[in-house]
């Protein structure tokens, strides 16, 4: 009789330990997915920021005639500058797509962003489909006030939010970035 009670007790204890281990494994798996999504989102934002900071710092670089900023809207900017330091001025466009052309991911808030570099009249288009859910530019004059006159622009205040394309437990991991850039060739120093 004791051996049956011992066997039943051992089985209950064993099942409890196995259940606890399974629960821990499920919890670790969910945590790993969340951490992976967060790290991927942060790395994607870091790569996006490098491109934007490099390009925007080159606005007006080696432009000798005409304006540097051709279009200055909150979600679209077209500018001229030698972004690759090869002595040739390129025209560069950052264009946020309309809702009809949203990124094809489960995240309903993200959108497509295009970076188009016109070199010798030929476009080189890069889809910056990185999970952007916000991308806005405000333009600053020499006093730091917001301006809509592209001829008075001396600085750019960029704001971006990025979310993972896939949800983990119905949540999209996200990261925000905001920076003000004063392109050297717009005659303002930081």
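The values are calculated or read from the model by the stated rules, or taken from the named source; none is laboratory data. If you're wondering where the values come from, they're calculated on a predicted model, not measured in any experiment. Here Cβ is always computed from backbone atoms with ideal geometry, including for glycine, and neighbour counts include all displayed protein chains.
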Only listed residue being in contact (Cβ under 8 Å) with a residue 60 or more places away in the chain and surrounded by 15 or more Cβ atoms within 10 Å (Cβ to Cβ), chosen from 115, 154
115
Single residue of region 157-173 satisfying the filter (touching a residue at least 60 places away in the same chain (Cβ under 8 Å) and within 30 Å of residue 68 (Cβ to Cβ)) that is farthest from the chain's Cα centre (by Cα)
158
Selected residue (only one of 57, 37, 30 is touching a strand residue (DSSP E or B) at 6+ places or on another chain (Cβ under 8 Å) and modelled with pLDDT of 90 or more)
57
Qualifying position, being under 28 Å from residue 178 (Cβ atoms) and buried (at least 16 other Cβ atoms within 10 Å of the Cβ), among 59, 35
59
Being under 18 Å from the mean Cα position of the chain (by Cα) and modelled with pLDDT under 80 is the requirement here; does residue 50 meet it?
no
Looking only at region 130-142, decide whether some residue is at pLDDT below 95 and surrounded by fewer than 14 Cβ atoms within 10 Å (Cβ to Cβ).
no
